[in-house]
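Asker: Once you've had a glance at the structure underneath, I'll fire off some questions.
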């Protein structure tokens, strides 16, 4: 039996023995929009919360539009042109509109990659498209502190714009519950001081800081408080299916419109399962998410609810850009030197996380759950030694070995990786 996993810009074909009992876990079929642009333009006039776009634009002299960085497959070529045409029609000048890439603490997107991200030559030629730099003190303004003490500093280009619009993909997120909306703002255009505070262990170790969880999620609550401090913000939210076609797109006040998108995608992205498995095979979602090992951790966390304790999780990720940032490599090296227990105690004592340390912290979750086996063609031997998981040069052989070790021929396969979150629900 052959199964295809999302891997880089293509598919990785996995050949499974015919005697295995294979459960392939995908989203249910999602409804698709016949005309996403027409749907979006209709939402400009009748938003999900807040005033309509024409009213907001007529009152504004300047506008700042946030877009996610290259790690998210947001269909910017669909949403940016109609949005920008609407702003121009309302009287805003092109020179007063800036498109800001919400990089958080990720690297900037530049040159050909920036053009790929935007996806439309007209947009690139006629509007300023710039990156957020979280460590540039001068480009941020302070909004004060949250109730928990987080110092809130955001990119001044967004804060000081008359019209503020965040755009993004709404999908499961293993810390914030769901991506998009408020997350595009913080951490998207937040200062490193803000990001490293609410990505510290006192937030990340909370049990509700998890995939598809908003109620009681301290990171989500912090983000909502930051939105309230900022004031009026609108959003465009997009939901896509496994083939990355648009199932939903809307516009409106950032919190209400984002929740409408969450309500839509939740039905499909969370998949109840009546059993757990000793062997689970998954991906890191393919390009662009699986460009680094840093992002690959999301694919390891996503299926943990259906992995039997002590089972084996096999994940495929291209890692075409290697491990990730230098800071993440340092964090992984610290994990290897300290061991999991000492590493966790070390970070729990800190008020601020080191940059990208939180991803190593999240890696502890699958490491505590069982054995993780990684198939990749993108990491060197030295980099593989820092992953804290078991590498394999043959995903087929790794699966056979995992099945033999468990003496259990029932396996689960999640081709789309972290965009699907299976939930153990006995008795369904």
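The values are calculated or read from the model by the stated rules, or taken from the named source; none is laboratory data. Treat the numbers as computed from the prediction; the structure is a model and nothing was measured. Heads up, the Cβs are rebuilt from the backbone with ideal geometry, glycines too, and the neighbour counts pull from every protein chain shown.
Asker: Evaluate the stretch 306-329: report whether one residue or more is closer than 19 Å to residue 391 by Cα, buried (at least 19 other Cβ atoms within 10 Å of the Cβ) and without any contact (Cβ under 8 Å) to a residue 40 or more places away in the chain.
Answerer: So far as the stretch 306-329 goes, yes, one or more of its residues are closer than 19 Å to residue 391 by Cα, buried (at least 19 other Cβ atoms within 10 Å of the Cβ) and without any contact (Cβ under 8 Å) to a residue 40 or more places away in the chain.
Asker: In a helix (DSSP H, G or I) and within 19 Å of residue 179 (Cα to Cα): does that describe residue 117?
Answerer: yes
Asker: Please determine, by comparing only the residues of the stretch 248-266 that are over 30 Å from residue 144 (Cα atoms) and either under 18 Å from the mean Cα position of the chain (by Cα) or not assigned by TED's automatic domain parsing to the domain that holds residue 173 (or both), which one is surrounded by the fewest Cβ atoms within 10 Å (Cβ to Cβ).
Answerer: By that ranking, first place goes to 263.
Asker: Considering only the stretch 343-379, how many residues are within 10 Å of residue 201 (Cβ to Cβ) and surrounded by 20 or more Cβ atoms within 10 Å (Cβ to Cβ)?
Answerer: 5
Asker: Within the stretch 113-134, can you find the residues that are within 21 Å of the chain's Cα centre (by Cα) and either closer than 20 Å to residue 189 by Cα or free of Cβ contacts under 8 Å to residues at least 12 places away in the same chain (or both)?
Answerer: 113, 114, 115, 117, 118, 130, 131, 132, 133, 134
Asker: Among (1) surrounded by fewer than 21 Cβ atoms within 10 Å (Cβ to Cβ); (2) under 29 Å from residue 9 (Cβ atoms), which single condition is residue 269 missing?
Answerer: With respect to (1) surrounded by fewer than 21 Cβ atoms within 10 Å (Cβ to Cβ); (2) under 29 Å from residue 9 (Cβ atoms), residue 269 is out only on (1).
Asker: Would you confirm, using the coordinates I've provided, whether residue 84 is exposed (fewer than 15 other Cβ atoms within 10 Å of the Cβ), touching a strand residue (DSSP E or B) at 6+ places or on another chain (Cβ under 8 Å) and more than 24 Å from residue 376 (Cα to Cα)?
Answerer: Against the criterion (exposed (fewer than 15 other Cβ atoms within 10 Å of the Cβ), touching a strand residue (DSSP E or B) at 6+ places or on another chain (Cβ under 8 Å) and more than 24 Å from residue 376 (Cα to Cα)), residue 84 does not qualify.
Asker: Now for a separate question. Take the stretch 219-246 and flag every residue that is within 17 Å of the chain's Cα centre (by Cα) and under 16 Å from residue 152 (Cα atoms).
Answerer: 219, 220, 223
Asker: Kindly evaluate residue 71 against the criterion of being in the same structural domain as residue 248 (by TED's automatic domain parsing), surrounded by 13 or more Cβ atoms within 10 Å (Cβ to Cβ), within 30 Å of residue 292 (Cα to Cα) and at pLDDT below 95.
Answerer: Taking the combined requirement at face value, the residue satisfies it.
Asker: Sort through 20, 40 and tell me the only one that's modelled with pLDDT of 95 or more and farther than 13 Å from residue 236 by Cα.
Answerer: Exactly one of 20, 40 is modelled with pLDDT of 95 or more and farther than 13 Å from residue 236 by Cα, namely 20.
Asker: I need a count of the residues in the stretch 271-289 that are farther than 17 Å from residue 395 by Cα and out of contact with any helix residue (DSSP H, G or I) (no Cβ under 7 Å at 6 or more places or on another chain).
Answerer: Residues flagged as farther than 17 Å from residue 395 by Cα and out of contact with any helix residue (DSSP H, G or I) (no Cβ under 7 Å at 6 or more places or on another chain) within the stretch 271-289 amount to 6.
Asker: For residue 292, are the conditions met, namely being crowded, with 24+ Cβ neighbours inside 10 Å and in contact with a helix residue (DSSP H, G or I) (Cβ under 6 Å, 6 or more places away or on another chain)?
Answerer: no
Asker: Those residues that are modelled with pLDDT under 95 and surrounded by fewer than 20 Cβ atoms within 10 Å (Cβ to Cβ), I need them from the stretch 194-230; list them, please.
Answerer: The answer is 202, and nothing else.
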